[in-house]
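Mind having a look at this structure? Questions to follow.
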Amino acid sequence: MASLALDQSSPDPDSTANSPAYPVDLEEIRKIVELMEEHGLSLFHLEQEGVNVKLKKAPDPEALREALGGLALTPGVQMAAPAAVAPAAASEEEAAALPGKVVESPMVGTFYRKPAPDADDFVQVGDRISEGQTVCIIEAMKVMNEIKAEVSGTVSEICVDDSSSVQYGDTLFRVT
């Protein structure tokens, strides 16, 4: 079994200096990288039981060239952001200004509204929820994680489609 030493809760997640090493199975790292590829993620950060793993993926120059209509990419030259980025940022700001509380994703994974394909949804718009109540499942690395509400109130919006990818901090539900 191949293993990799990772740092223990270092202030700089990219550093392994002056910290005890914990063995991590390289197969687990490969699975994380595959999950990142599958869901188009560029950053993965996990802190758990004294282990701190941070994976960053550099953007693909060919994909950038394609997205920017074949412009030549020169290292060190700053480019203007594509126009599509501005509306997305505006909608996030608008969403943050909406009244009520939110239930955010505590991890990266696949969002599921029900515990099984033939079961009823955990919650629907209009349902009253309590703090600690299971509101959805997020699958990460083939593990089903029950997500509990950190707020009480009435579900006013379900912000994510069933079986779609979510990132850490994405708004899953709005609660009033």
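Tell me, please, whether a residue that is of a type in the set (A, V, I, L, M), assigned to a helix (DSSP H, G or I) and either at pLDDT below 65 or surrounded by 12 or more Cβ atoms within 10 Å (Cβ to Cβ) (or both) can be found in the stretch 37-60. Don't jump to the end; show me each part of the working.
Filtering the stretch 37-60 down to residues of a type in the set (A, V, I, L, M) leaves 41, 43, 46, 51, 53, 55, 58.
Among the residues that remain, those that are also assigned to a helix (DSSP H, G or I) are: none.
No, the stretch 37-60 has no match at all.
Matching residues to (1) modelled with pLDDT under 95; (2) polar (S, T, N, Q); (3) on the phi > 0 side of the Ramachandran plot:
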position	(1), (2), (3)
Thr74	yes, yes, no
Ala97	yes, no, no
Gly132	yes, no, yes
Val143	yes, no, no
Ala149	yes, no, no
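Would you confirm whether or not the stretch 149-156 contains a residue that is free of Cβ contacts under 8 Å to residues at least 40 places away in the same chain and surrounded by fewer than 17 Cβ atoms within 10 Å (Cβ to Cβ)? First the steps, then the outcome.
From the stretch 149-156, those free of Cβ contacts under 8 Å to residues at least 40 places away in the same chain are 152, 154-155; that's our starting set.
When the remaining residues are screened for being surrounded by fewer than 17 Cβ atoms within 10 Å (Cβ to Cβ), the result is 152, 154.
Among the residues of the stretch 149-156, at least one is free of Cβ contacts under 8 Å to residues at least 40 places away in the same chain and surrounded by fewer than 17 Cβ atoms within 10 Å (Cβ to Cβ), which makes the answer yes.
Hey, another quick one. Over 14 Å from the mean Cα position of the chain (by Cα) and not assigned by TED's automatic domain parsing to the domain that holds His39: is that true of Val160 in this structure?
Working: over 14 Å from the mean Cα position of the chain (by Cα): no; not assigned by TED's automatic domain parsing to the domain that holds His39: yes.
So Val160 fails the test.
The values are calculated or read from the model by the stated rules, or taken from the named source; none is laboratory data. Everything numeric here is computed off the predicted structure, so don't read it as measured data. All Cβ positions, even for glycine, are placed from backbone atoms using ideal geometry, and neighbour counts span all protein chains on display.
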